[in-house]
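The values are calculated or read from the model by the stated rules, or taken from the named source; none is laboratory data. The shown structure was predicted, so the numbers you read here are calculated from the model rather than taken from an experiment. Cβ sites come from the backbone with ideal geometry, for glycine too, and all protein chains shown count toward neighbours.
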Amino acid sequence: MDKNIKCPLYKKCGGCQLQNLTYEQQLEFKMKKAVKLLGRFHFVDKIIGMDKPYHYRNKVQAAFGRDKKGQIISGVYQSSTHRIVPVDCCLIEDEKADEIIVTIRKLLKSFKLKPFDDNKMTGFLRHVLVKRGFSSGEIMVVLVTGSEEFKSKRSFVNALLQRHPEITTIVQNINNRRTSLVLGEKSVVLYGDGVIREQLCGYTFTISPKAFYQINPVQTEVLYGKAMEFAQIDKNDIVIDAYCGTGTIGIIASKYAGHVYGVELNKDAVKDAKKNAKLNNIENIDFVCADAGKYMVNLAEEKLRADVVIMDPPRAGSDINFLRSVVKLSPRKVVYISCNPETLARDLMFLSKNKYKVRKIQPVDMFPHTEHIECVVMLTR
């Protein structure tokens, strides 16, 4: 095995594509990729890496099944397959979360509960999701089951808490559909209040089982810090946080702005965002459940202004209608947070041809040992 590879599952799992490189070489590889894709728009600043690039994932997901011998296993799906690679501990996942998942696997056997069989649609436990607040220390365990019936539910929960008293909430999520989605529609709280709280950039955020929350809290502070530095928000500015999710970026921006509007299509996320604003006593922010592009076109047509647009789209990047709406609304500044430099390059090309100029590009290593690169870009009109 290559001397750089610390993980025995490196070749089987496929999750950490760059583990055959030293961490310095990984950063060099990502930097070259960022320059190749984005260098034509502006000078690319040196990528910001991590001091400790291990066990950074605050959200750990494990699929449950059986091996060829019929033994219960838990782990990750092998890259591009539906085959489970058994995992007890992972170099990028939170260690406590991994311990909890191993305990649950052992408890299944002693409680005579079966893992779910995707082909036959029978059995009980499909997945376990563990979310941990690195700052708060709060831990949520989500048991994703194929049916609502849960034999010896109370005893199972007590046995888990006895072994891991640091768990603050346990939720059962029911997913009885033939689907590749991990979580189903219905959730039942078995212990605690069904959410955890976490601190980020001086604010407190509530995280529910379905809420999206950045999985590397250390580098998220760096990423969002750069976004605020690039945005240079003034106390009279109106800011739009597009694709706002549970309101994280908008809430952080509210400290500097006159008013912030967070726009998000997912109604559950908007509900969480409103709770988060209330939790932090923020009054100069409103969350709107709408398509961000249409919302901004309406603002432009009503001759209303926005000074800064902060956008953090999914991996597929932004769509052309949204980018046109940015141009139509014509904010002084656009801050684009991207988790995919390929789609970022495509979107910057459009904005560069339509009255915007790229002024700064900052890559951040959010996902050490994987090929993913996060970037913050500042554009001005």
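Candidates Ile249, Ile240, Ile215: the one that is in contact with an Asp or Glu (Cβ under 7 Å, 6 or more places away or on another chain) and surrounded by 16 or more Cβ atoms within 10 Å (Cβ to Cβ) is Ile249. Across segment 57-73, which residue is farthest from Ser110 (Cα to Cα) among those that are touching a helix residue (DSSP H, G or I) at 6+ places or on another chain (Cβ under 7 Å) and buried (at least 22 other Cβ atoms within 10 Å of the Cβ)? So, considering only residues that are touching a helix residue (DSSP H, G or I) at 6+ places or on another chain (Cβ under 7 Å) and buried (at least 22 other Cβ atoms within 10 Å of the Cβ), the one farthest from Ser110 (Cα to Cα) is Asn58. Is there a residue being out of contact with any strand residue (DSSP E or B) (no Cβ under 7 Å at 6 or more places or on another chain) and part of a loop (DSSP other than H, G, I, E, B) anywhere in segment 187-199? There is no residue in segment 187-199 that is out of contact with any strand residue (DSSP E or B) (no Cβ under 7 Å at 6 or more places or on another chain) and part of a loop (DSSP other than H, G, I, E, B).
Restricting attention to segment 87-114 and to residues that are among the acidic types (Asp, Glu) and within 21 Å of the chain's Cα centre (by Cα), the residue that is surrounded by the fewest Cβ atoms within 10 Å (Cβ to Cβ) turns out to be Glu95. Put simply, of Ile252, Ile207, Ile285 the only residue that is hydrophobic (A, V, I, L, M, F, W, C), farther than 20 Å from Ser136 by Cβ and touching a helix residue (DSSP H, G or I) at 6+ places or on another chain (Cβ under 9 Å) is Ile285. Here Gly293, Gly258, Gly245 are screened, and the one residue that is closer than 25 Å to Pro217 by Cα and among the small types (Gly, Ala, Ser) is Gly245.
If only one of Leu183, Leu129, Leu143 is in contact (Cβ under 8 Å) with a residue 24 or more places away in the chain, within 29 Å of Ser80 (Cβ to Cβ) and either touching a helix residue (DSSP H, G or I) at 6+ places or on another chain (Cβ under 6 Å) or assigned to a loop (DSSP other than H, G, I, E, B) (or both), which one is it?
On the way: Leu129 fails: either touching a helix residue (DSSP H, G or I) at 6+ places or on another chain (Cβ under 6 Å) or assigned to a loop (DSSP other than H, G, I, E, B) (or both); Leu143 fails: either touching a helix residue (DSSP H, G or I) at 6+ places or on another chain (Cβ under 6 Å) or assigned to a loop (DSSP other than H, G, I, E, B) (or both).
From the options Leu183, Leu129, Leu143, the qualifying one is Leu183.
From the residues in segment 40-66 that are farther than 30 Å from Pro86 by Cα and not in a strand (DSSP E or B), which one is nearest to the chain's Cα centre (by Cα)? Within segment 40-66, the match that is nearest to the chain's Cα centre (by Cα) is Ile47. Taking Leu299 as the residue in question, decide whether it is of a type in the set (A, V, I, L, M, F, W, C), assigned to a loop (DSSP other than H, G, I, E, B) and closer than 15 Å to Val263 by Cβ. When the stated conditions are applied, Leu299 does not pass them.
Once segment 324-336 is narrowed to residues that are surrounded by fewer than 22 Cβ atoms within 10 Å (Cβ to Cβ) and among the hydrophobic types (A, V, I, L, M, F, W, C), the residue that is nearest to Ile238 (Cα to Cα) is Leu329.
In segment 1-39, the qualifying residues are those that are outside any helix (DSSP H, G or I) and among the basic types (Lys, Arg), and the one that is modelled with the lowest pLDDT is Lys3.
Checking Ala269, Ala277 one by one, the residue that is touching a Gly at 6+ places or on another chain (Cβ under 8 Å), over 30 Å from Gln25 (Cβ atoms) and at pLDDT 95 or above is Ala277 and no other. Taking segment 71-120 as the range and being closer than 19 Å to Ser152 by Cβ, assigned to a loop (DSSP other than H, G, I, E, B) and among the aliphatic types (A, V, I, L, M) as the test, only Leu113 passes.
Of all residues in segment 287-324, which are of a type outside the set (A, V, I, L, M) and more than 26 Å from Asp272 (Cα to Cα)?
First, the residues of segment 287-324 that are of a type outside the set (A, V, I, L, M): 287, 289, 291, 293-295, 298, 301-303, 305, 307, 312-315, 317-319, 321-322, 324.
Those that are of a type outside the set (A, V, I, L, M) and more than 26 Å from Asp272 (Cα to Cα): Glu301, Glu302, Lys303, Arg305, Asn321, Arg324.
Set side by side, the residues Thr220, Thr206, Thr246 differ, and just one is assigned to a strand (DSSP E or B), among the β-branched types (Val, Ile, Thr) and touching a strand residue (DSSP E or B) at 6+ places or on another chain (Cβ under 8 Å), which is Thr206.
If you go through segment 164-184 and pick out every residue that is loosely packed, with under 14 Cβ neighbours inside 10 Å and modelled with pLDDT of 90 or more, you end up with 2. Whenever a residue of segment 81-97 is assigned by TED's automatic domain parsing to the domain that holds Gly133 and more than 20 Å from Gly137 (Cβ to Cβ), its partners that are assigned to a loop (DSSP other than H, G, I, E, B) and of a type in the set (Asp, Glu), lying with C-beta atoms within less than 8 angstrom and at least six residues away or across chains, give the pairs His82/Asp118; Pro86/Asp67.
Residues of segment 249-263 being farther than 8 Å from Ile285 by Cβ and either within 16 Å of the chain's Cα centre (by Cα) or part of a helix (DSSP H, G or I) (or both), which ones?
Filtering segment 249-263 down to residues farther than 8 Å from Ile285 by Cβ leaves 249, 252-253, 255-258, 263.
The answer is Ile249, Ile252, Ala253.
Asp45 meets each of the listed conditions (1) at pLDDT below 90; (2) surrounded by fewer than 19 Cβ atoms within 10 Å (Cβ to Cβ) apart from (1). For segment 19-33, taking the residues that are of a type outside the set (S, T, N, Q) and more than 16 Å from Lys52 (Cα to Cα), the one that is nearest to the chain's Cα centre (by Cα) is identified as Lys30.
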